[in-house]
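J.: This is the structure I have questions about; it appears just below.
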Amino acid sequence: MTHLRSKRLPGAGRTLAAVLGLVTALGLGTLGEARAAPGAETGTPRFTDRPHGFASLAGGTTGGAGGEVVTVTDQAALVKYAAAEEPYVIRVAGAIDVEPFGAEIVVGSDKTIVGVGDTGEIVHGELHLNPGTHNVIIRNLTIRDSAVEGNWDCKDTDYDGIQMDTVHHVWVDHNRFSNICDGQLDVRKDSEYVTVSYNRFENNNKTFGLGWTTNVRTQITIDHNWFANTKQRNPSVDNAARAHLYNNYLTAQADPGDPVWTYGNWSRGATKMVIENSYYQDVQHPYQADATAELVQRGSILKNTTGRHDEWGAAFDPRDFYDYRLDPAAAVPALVKRFSGPQKQIGTH
């Protein structure tokens, strides 16, 4: 894989030229315009089957690799293979309506659950990883419509899209989450070695939360995700040892009139957070930190943002742990619009 590294070029003209050169090379047209990159239909380096970031460390995350490949089209088959003791690569073809409404589908260790092209959907149900679960890949799915009409706050329900408690080595990649009650993705209770990449989070109140623990153990990479028409927890990160957020796109908040609980990224508790080359457009409180937390931000673009823009502490250097592709912030809207969410090229073989 070719890694595109950001470089500090002297002079604004040379920096802009470098960004425009990357955008042209990727076939993205003008900045902010999403068009297919050359070779995207036959696979690009962004469609790799190997996780990056923290999910790639300490033995890595391979999911169900080496196990039987099965294709499921109904809830019974998905439940059977997802909870099995053996490794499986489970291909979800078409929409699976989960009954009863909001029910959990337990996902065991050594599993890959992947949508076939852009057809795989989990409708009004949750993928649930119990304590001790490890080595799981969830890719290329649409997980949607578990929200209860009129129950925006969802305090009396726990219908998440994906919930994981005290797990390790999980990769959540190229999914679309929409209209969930309550959390679209909850990474909870000391989960470690997690990467969340190229997902679309949309149309939600409580979007993406991390924590529910007094320990400081979670290590997570969050990159190239699109948060659109979401209110809070984009994400909220509580007591994470290391949270690396880069090249994410946040825009169009659901309730910008709320002065406190509409926000972007929040470094909470004892979290150490690094944000790099993200793009915030029309966002209230784009990034904030508790006095006890640390937040380092560099290279991001802020367009029509208000409220808190906190930066303090040293946090950590992500490159002490892994190498990664860091795209210029100016290219993020086009890249994320094009490459996030389910892709026709994934899960078809």
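J.: Tell me the residue from Thr306, Thr292, Thr213, Thr218 that is under 20 Å from the mean Cα position of the chain (by Cα), at pLDDT 95 or above and among the polar types (S, T, N, Q), please. Explain how you work it out, then say what you get.
T.: Working: Thr306 fails: under 20 Å from the mean Cα position of the chain (by Cα); Thr292 fails: under 20 Å from the mean Cα position of the chain (by Cα); Thr213 fails: under 20 Å from the mean Cα position of the chain (by Cα).
Thr218 is the lone residue from the list that is under 20 Å from the mean Cα position of the chain (by Cα), at pLDDT 95 or above and among the polar types (S, T, N, Q).
J.: Of the residues Gly150, Gly108, Gly117, which single one is in a loop (DSSP other than H, G, I, E, B), surrounded by fewer than 19 Cβ atoms within 10 Å (Cβ to Cβ) and free of Cβ contacts under 8 Å to residues at least 60 places away in the same chain?
T.: Values: Gly108 fails: surrounded by fewer than 19 Cβ atoms within 10 Å (Cβ to Cβ); Gly117 fails: free of Cβ contacts under 8 Å to residues at least 60 places away in the same chain.
It is Gly150.
J.: Could you check segment 186-202 and list, in sequence order, the residues that are over 18 Å from Glu126 (Cα atoms) and either acidic (Asp, Glu) or surrounded by fewer than 22 Cβ atoms within 10 Å (Cβ to Cβ) (or both)?
T.: Asp190, Glu192
J.: Here's a follow-up. Can you tell me which residues in segment 178-199 are assigned to a strand (DSSP E or B) and within 18 Å of Asp255 (Cα to Cα)? Reasoning before the result, please.
T.: Of segment 178-199, the ones assigned to a strand (DSSP E or B) are 178, 181, 185-188, 192-197.
Selection gives Ser178, Cys181.
J.: Would you call Arg325 under 17 Å from Leu250 (Cα atoms), basic (Lys, Arg), surrounded by fewer than 21 Cβ atoms within 10 Å (Cβ to Cβ) and in contact with a His (Cβ under 8 Å, 6 or more places away or on another chain)?
T.: On the way: under 17 Å from Leu250 (Cα atoms): no; basic (Lys, Arg): yes; surrounded by fewer than 21 Cβ atoms within 10 Å (Cβ to Cβ): yes; in contact with a His (Cβ under 8 Å, 6 or more places away or on another chain): yes.
No: the conditions fail for Arg325.
J.: Read through the list (1) modelled with pLDDT under 95; (2) crowded, with 17+ Cβ neighbours inside 10 Å, then give the number of the only condition that Ala252 fails.
T.: Condition not satisfied by Ala252: (2).
J.: Considering segment 316-348 alone, what residues qualify as being touching a residue at least 60 places away in the same chain (Cβ under 8 Å), under 30 Å from Arg268 (Cα atoms) and either basic (Lys, Arg) or not in a helix (DSSP H, G or I) (or both)?
T.: Phe316, Phe321, Tyr322, Asp323, Tyr324, Arg325, Leu326, Asp327, Pro328, Lys337, Ser340, Gly341
J.: From the list Trp261, Trp312, Trp266, exactly one residue is within 29 Å of Arg144 (Cα to Cα), among the aromatic types (Phe, Trp, Tyr), surrounded by fewer than 16 Cβ atoms within 10 Å (Cβ to Cβ) and modelled with pLDDT of 95 or more. Which is it? Full working, then the answer.
T.: Working: Trp312 fails: within 29 Å of Arg144 (Cα to Cα); Trp266 fails: surrounded by fewer than 16 Cβ atoms within 10 Å (Cβ to Cβ).
Residue meeting the stated conditions: Trp261.
J.: Shifting gears a bit: Can you tell me how many residues within segment 293-309 are hydroxyl-bearing (Ser, Thr, Tyr) and crowded, with 16+ Cβ neighbours inside 10 Å? Lay out the reasoning, then the answer.
T.: Start the filter on segment 293-309 by keeping residues that are hydroxyl-bearing (Ser, Thr, Tyr), which leaves 300, 305-306.
With the extra rule that they be crowded, with 16+ Cβ neighbours inside 10 Å, the set shrinks to 300, 305.
So the answer is 2.
J.: Cβ-Cβ below 6 Å, separation at least six or inter-chain, first residue in segment 192-212 and closer than 14 Å to Ala147 by Cβ, second modelled with pLDDT under 95 and acidic (Asp, Glu): which pairs?
T.: From residues that are closer than 14 Å to Ala147 by Cβ, the pairs are Lys206/Asp182.
J.: Report those strands (runs of 3 or more DSSP E) wholly inside segment 236-311 carrying at least 2 residues which are over 30 Å from Thr166 (Cα atoms).
T.: On the way: elements: 236-238, 240-246, 249-251, 265-268, 272-276, 279-281, 287-289, 294-298, 301-303.
Qualifying strands (runs of 3 or more DSSP E): 279-281, 301-303.
The values are calculated or read from the model by the stated rules, or taken from the named source; none is laboratory data. Being a predicted model, the structure only gives us computed values, none of them experimental. We place every Cβ from the backbone using ideal geometry, glycine too, and count neighbours over all the protein chains shown.
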